[in-house]
1. Taking region A:63-85 only, how many residues are among the polar types (S, T, N, Q) and under 17 Å from B:Asp179 (Cβ atoms)?
2. Filter region B:136-162 down to residues that are within 12 Å of chain A (Cβ to nearest Cβ) and either open to solvent by less than 40 Å² (accessible area, probe 1.4 Å) or touching a residue at least 60 places away in the same chain (Cβ under 8 Å) (or both), then give me how many there are.
3. In region A:30-48, which residues are open to solvent by 40 Å² or more (accessible area, probe 1.4 Å) and closer than 21 Å to A:Gly106 by Cα?
4. Could you identify the single residue in A:Glu84, A:Glu90, A:Glu95 that is open to solvent by 20 Å² or more (accessible area, probe 1.4 Å), touching a Ser or Thr at 6+ places or on another chain (Cβ under 7 Å) and of a type outside the set (Lys, Arg)?
5. Determine, yes or no, whether A:Thr192 is surrounded by fewer than 24 Cβ atoms within 10 Å (Cβ to Cβ) and in contact with a Ser or Thr (Cβ under 8 Å, 6 or more places away or on another chain).
6. Name the residues in region A:115-155 that are β-branched (Val, Ile, Thr) and within 8 Å of chain B (Cβ to nearest Cβ), would you?
7. Which of the following residues is part of a loop (DSSP other than H, G, I, E, B), more than 11 Å from chain B (Cβ to nearest Cβ) and either farther than 30 Å from B:Leu74 by Cα or not hydroxyl-bearing (Ser, Thr, Tyr) (or both): A:Ala101, A:Ala41, A:Ala76?
8. Among the residues of region B:91-108, is there at least one that is at pLDDT 70 or above, at the interface with chain A (Cβ under 10 Å from one of its Cβ atoms) and closer than 30 Å to A:Ala136 by Cβ?
Amino acid sequence: MKRLLMVSVLCLLPAALAGQQRAATDFRAELIARGVSAEFAGSAAVIADSAAAKGLPARPILDKAVEGWGKQVAAARIIVTLRELSARLERTRGELSSSGAQNVDGETLAAAAQARFRGIHADNVSRIVAVQAPRASVIAGLQVAGALAGQGLDQGTSARLVVESLRRGRTVAQMLDLPAAARALAAAGASTTQVGQQLLQGLDAGVTVTGRGQVGVTVPPVLPPGLPIKP
Amino acid sequence: MTEFRDDDAGSEALRSLAERQRARLRGPQPGFEDRVMARMREARAPKRAPLLWIMSPSAVRVRPVWIPLAAAALLVVWLAGSRYGARSGSGAAPAAAAVAAVPGARSDTVYVRFEFVAPGVQDVRLAGDFTGWRPDKVALERQAGNVWVATVPLAVGEHRYQFVVDGKWLPDPRAQAVDDEFGGHNSVIVIGPNGQVRS
């Protein structure tokens with residue numbers, strides 16, 4: 001029996017180690033495929049792997065590494081940013097956990113960390129995450145809250161708008177239209193306080209204020225000719 | 001051969017012989033097994049180095065039922081490793097993963113027209129999460145009035161980008177800017193299915 005156990009361990013150990021090792025290797029390979037140098041990819045993959053080992057999402061770290069590399073930022077500076085990002089993700093998970101939101105998935109956590117970075121307070125981020133709504137809506141809500149705060153709305157008002165929208169069953173499309181509506185109202189002369197009030201009143205009245213037709217440009221229904229995107 | 005004599009000595013010899021035979025039939029003396037086992041425990045088996053044990057040929061007796069169970073365990077460990085890697089972000093195609101779109105809405109694509117007014121420049125490009133931050137993917141075309149234009153299909157959701165003007169990275173002056181954590185600012189665009197939204 002003892003021998004059998006030892007044989008089993010010897011057989012299973014390489015497979016287990018290979019599974020662990022593969023993640024780091026894959027991160028490095030992905031970064032290289034996305035145009036990052038092999039040397040820097042190795043350093044960035046270590047941070048992504050470390051985050052993944054803690055149960056944190058590696059995707060934002062990989063994306064940030066690619067962004068920094070694309071902008072030709074010094075590798076040492078990118079590494080510092082990646083470590084800070086990893087720490088922020090862990091901190092946000094702790095905040096969500098202490099507010100009762102356990103087992104938040106990676107994409108939601110990444111959106112929550114981003115909302116925190118954009119000025120939404122921890123308790124408001126937790127309120128958004130705690131709403132019983134489809135995951136895609138919650139993620140969109142976190143993005144929209146950050147966007148509204150970036151437009152100058154009070155972070156509490158931004159979060160309340162999102163929470164109330166989610167509770168009223170607003171769709172992802174309606175959620176994503178909120179920043180446009182806010183911009184349209186601001187363009188019409190409303191202050192940021194008035195923008196928040198009007199959007200909240202719109203929610204209370206059961207109507208959706210949208211910015212369609214007021215901002216941006218007409219969207220062509222088909223791919224326009226001469227689209228300058230290389231295949 | 002024992003010689004039997006009909007006297008006291010002969011009787012004594014006969015009794016002694018009978019006693020020995022009875023003792024043989026009774027088996028070993030009491031405590032014999034314990035003494036043997038104690039001796040065996042005292043005598044330590046010769047040690048072999050683990051490496052030698054691995055290298056030396058030895059027969060391992062395995063019940064056939066263990067073979068499929070071991071195979072299943074191996075498969076589970078392997079799949080767990082695969083899922084760990086996939087969950088950590090290694091499974092998605094890099095190009096698709098670079099776009100931070102909203103899950104469930106990725107099939108929605110909106111054509112977004114980017115404009116940048118820049119007199120006296122030779123080259124304007126667009127780089128963002130939707131190009132993997134590579135400035136060689138989207139080149140803007142110069143139009144009248146020094147307006148540089150590109151229309152790009154983007155997934156519904158939030159995107160970040162910058163213009164690269166003659167090699168210099170610049171945020172869109174007409175869009176909301178956020179700290180890019182590298183000492184610069186990214187422009188942010190939130191796209192709803194209804195059309196372009198600049199936030």
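1. So the answer is 1.
2. 17
3. The answer is A:Val46, and nothing else.
4. Being open to solvent by 20 Å² or more (accessible area, probe 1.4 Å), touching a Ser or Thr at 6+ places or on another chain (Cβ under 7 Å) and of a type outside the set (Lys, Arg) holds for just one of A:Glu84, A:Glu90, A:Glu95, which is A:Glu95.
5. no
6. Matches in region A:115-155: A:Ile139, A:Val144.
7. That would be A:Ala101, the only listed residue that is part of a loop (DSSP other than H, G, I, E, B), more than 11 Å from chain B (Cβ to nearest Cβ) and either farther than 30 Å from B:Leu74 by Cα or not hydroxyl-bearing (Ser, Thr, Tyr) (or both).
8. Yes, region B:91-108 has at least one match.
The values are calculated or read from the model by the stated rules, or taken from the named source; none is laboratory data. Keep in mind that what you see is a predicted model, and the values were worked out from it rather than measured. Heads up, the Cβs are rebuilt from the backbone with ideal geometry, glycines too, and the neighbour counts pull from every protein chain shown. The protein model used for the area step is the full one, side chains on, heavy atoms only, and it has no ligands, DNA or RNA in it. Shrake-Rupley method; radii C 1.70, N 1.55, O 1.52, S 1.80 Å.
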